[in-house]
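One structure is given here, and the rest of the page talks about it.
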């Protein structure tokens, strides 16, 4: 009987993270609109809201000292942002209208050329870019850098950005979301307060916008609490990437498929790699792997290291230096996995947190930005004198439904699922779907949750290169390059069952790109204790997909990305 | 009473030296030097609830304001940023001159520094500043108490503890053993944005451009060299218990035993 | 090229670091090297200072100045520089010396380069930077040149020179220099040095195998007169307290000797100890990264090597 990670669910209950406000009323911190997450969605929301307040100052007056606040769990905006990224500029143009042109943003320029390769161990076969992967008109960015820039614009437009602040609990009163409770700081590993303990605070708002990104903590809590989850479960990819200083600039963007991922349907290794130029002397290289894989020895971190040993790729990196590393999951369930509704009383949901990602095009940032923009307009409408908040917030759903977000996601709705049938069949089906612009659908395929995949072991690890410290590296060196210097003496933020069958333990050990999990003592009955080093965690979210649960650690913890 | 705390905004993440200027690349993210957080914390403890003003001061680029805001969020009352193109690249002599002039304007009873800067650029600034202010200086304070017009410091030395007394006004550098800096509360962070914040130029504090920056520095970086070699690194295997003696011989050779 | 070296002492013992700088000073030119001693009963040490390389010893003898307060010493050195035109003033790093050197720089508007590990005879200083991953050449644009050397940069060198010329110094102290007073000094022999101050650290990692085995590290540390450190992994596992953690998220140390027992040498640990003067590593795994940056790497079993090592150290110290 096959072992599944889902048989060992984590000790986690969403209801533990929903509460009434507990601070005395006059101690609660009040803001007009509260945005959780200083990523592209949250900052677009803040910027758009600021534009609206500028046009309608009378609304600003009614919102008090802080019309809009953005809380961010990372050290600063950008610290937890990671993507490729090739961005479709349409949302940024809509957001900034006449104030900024794309050229004014910190980018690496428009995409100049692109190539798609199918790799084998030694060769690279160039194929014409399949239609969804054509990037003419798109622009190259570091999402982390863009996030920093957007945060500055948000502050200029009047938003208060509060980094190192986690949204720990959803404050709900009389069925309505009234804000968040921020996380405590200064607890020790055993949970006890240390000398400089600072408790969290109730941060209340008229409208709360959750823009937490992939595996958003309160987003997951809200979806459960308000019964918003779709029938089709969400599934994820794990992306791992590096930034390199290189001797020769790259001019085109490159995507690869095939090696080192295995093509047989048995393994369910869906994904590919990307290599993007970052100006004259930098490039970024990353590997994306679907988390519905089955082999307990699959390590996305090490598959990326393996990828770099391909002769064509090693040549690109020759004479270069790895200067950054990071990892993050990408929701890939697409249209069918979107929640039933994107709003609840007092609440709006945006971006990657609810799965607005077009997997075949590898695009999600411009949907996040547009959803943030629409959320701002809905929140603004809800705050008008005489408005019915419920109607106004429902207007957000309508706006998203009428937007290109919905249109694009609908067009590619089945594409991810077919790759579960293997690379070649999947590829053919996907191309057929694209060519027909989504009209050739194969019916609503139900994806299984990643954690329900039956596990197997096939000596996958034998192909990973031994780290040489120049081209290939070990996980701890990578964690170091993510800028992670998380305070050690704090409670463990990762929820997993600690004693599990060795296959499940090995699954987690290999899966985690930051070496958080290690095999501990064996019990003799086929189970093993899982040892956890939570301060390595870069909060990629993979554990939640594969049977555990990531919750936010103390604010300011985790990676400090600067150019990912 | 007024307490001034001198703080520094230091580069975060991976430091590198900018090959052009041969100085630390400060273009990336930065943060409040964590030793200075101890100094801010000590000032706040000394303040308690009394009618004491805590002013935080720094000389740096515009983004050094972030570190000042962090100190304001912790509870400091006012911030002063001396930011001037001409001050970039100042060495100890130049920086201490700028800081001293700035502190003269404040006329604080007590000036606090953190023990060292994590970027190792501003080490020992306190003694130079104290000299320019013509005030007594005590460093490595592990405990600090104030009483009527004087202070008492307990400092750890290699041999034990010294207790030092001095009249105010004085300059004290605190060690990181003195306290555990507080986390700013959310209220503190939000309130920080409204606290008084002055940005001054060199002219505002009465320092001539020729006394600051590279022009005012008496030291210079000549070139970047190779990494220091670990000399004759050796690797041996323990066979039949020989390693222990080999180690002892090695330690004796290196004169650490 | 006239050179003045500030020589520190504790009780009737001259500080080795100062003597090392004195030896270096003697190589920098033909002029006689001068030294300054300040404190109670220091005239008695002048002869010894001479035997370590000073041709001329200035003595400011005063019981009141025995406690290590920096500011009166600044007055003394400033006077000597002004009167005798010393072009270079050298210090061996210590808390006291660092305070003096910095204040002196402000007093004389002179350039101070610190954390130096060497200096050439044409006065180019060598200074490690970026956690010792690089060495930078630094210079002075004016004289006097003030130089503060990292402790242990040079070895003392006894010479066969005759007695030095000893001269008493009288100083008019600045008012602010005498304001801070040492009220009491307590000697403490509390269980070994703290990690931050220790000259020798013995650190244990997962290779020790079990928490009980930390006694190996403790006994070796005791024999060597050092402190005990631990890696993040073992602190995480509860084998040793967080106060002993060395590394990126623990303490950063640079002792004269760092002995790593069963430590693999992941970069998070490396950045906490890589600027130690001498690094000895014992690990079973011949490919452990720590061997790439240790001065002596020993591939072997800590459980077999360390007890023997401890015994040999104890014997050697007893003899």
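Values quoted throughout were computed directly from the atomic coordinates according to the rules given, and no laboratory measurement underlies them. In this text, all values refer to a predicted model and were calculated from it rather than measured experimentally. When we count neighbours, we look across all protein chains shown, and the Cβ atoms used for this are built from the backbone with ideal geometry, even at glycine.
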*Is there a simple number for the mean count of other chain Cβ atoms within 10 Å of the Cβ of residues in B:237-247, and what is it?*
6
*Please report the Cα spread of the stretch A:1-53 along all three principal axes, rounded to whole Å, starting with the longest.*
60, 33, 12
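Just rank A:325, C:140, fewest to most, by other beta-carbon atoms within 10 angstrom.
Ordered by Cβ neighbours within 10 Å, fewest first: C:140, A:325.
Sort C:242, A:517 by Cβ crowding within 10 Å, fewest neighbours at the top.
Numbers: C:242 16, A:517 25.
Fewest-to-most Cβ neighbours within 10 Å comes out as C:242, A:517.
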*asked:* Report the per residue volume, in Å³, of the convex hull enclosing the C-alpha atoms of the stretch A:285-340.
replied: 120 Å³
*Taking only DSSP H segments of four or more residues, each worth -39500 (n - 2.57), what value at 222 nm results for the protein assembly as shown once the sum is divided by all its residues, to the nearest 500 deg cm²/dmol?*
-7500 deg cm²/dmol
_If neighbour count is taken as other Cβ atoms inside 10 Å, put C:177, A:79, C:275 in order from fewest to most._
C:275, C:177, A:79
*Inter-part distance where the stretch A:126-195 and the stretch B:125-141 are each reduced to a Cα centre, Å*: 43 Å
*Shape metrics for the stretch A:190-257, restricted to C-alpha atoms - Rg then Dmax, Å*: 20.9, 54
*Please work out, to two decimal places, the log10 of the ratio I(q)/I(0) at q = 0.20 Å⁻¹ from a Debye calculation in which every Cα of the stretch C:1-100 carries one identical scatterer.*
-0.96
*Between B:157, B:199, B:145, which gets the highest mean-square fluctuation from a Gaussian network model of chain B, Cα cutoff 10 Å?*
B:157
*Normalised contact order of the stretch A:206-332, rounded percent, pairs of Cα under 8 Å and 6 or more residues apart*: 36 percent
*Unit Cα scatterers, Debye sum, the stretch A:1-136: log10 I(q)/I(0) for q = 0.11, 0.13, 0.18, 0.22 Å⁻¹*: -0.76, -0.92, -1.17, -1.38
*In Å and whole numbers, how far do the C-alpha atoms of the stretch A:220-338 stretch along each principal axis, longest first?*
53, 32, 22
*Cα centroid distance between the stretch C:196-220 and the stretch B:25-86, in Å?*
38 Å
*Output the Cα-based Rg and Dmax of the stretch C:77-116 in Å, rounding Rg to one decimal and Dmax to a whole number.*
9.9, 28
*Peptide C:128-141: average number of partner chain Cβ atoms within 10 Å per residue?*
6
*What does the average come to when, for each residue of peptide C:303-312, you count the partner chain Cβ atoms lying within 10 Å of its Cβ?*
4
*Could you give P(r) for the protein assembly as shown, binned at 10 Å from zero, as whole percent values over all Cα-Cα pairs?*
2, 10, 17, 21, 20, 15, 9, 5, 1, 0, 0
_Alpha carbon convex hull of the stretch C:163-241, volume per residue in cubic angstrom_ = 211 Å³
*Per residue Cα convex hull volume for the stretch A:448-525, in cubic angstrom?*
165 Å³
_Globularity index of chain A, i.e. its alpha-carbon radius of gyration over 2.2 N^0.38 Å_ = 0.92
*Compactness relative to 2.2 N^0.38 Å, alpha carbon Rg of the stretch C:46-182*: 1.11
*Starting at 0 and stepping by 5 Å, how many percent of the alpha carbon pairs of the stretch C:169-319 end up in each bin?*
2, 10, 18, 21, 18, 9, 5, 4, 4, 4, 3, 2, 0
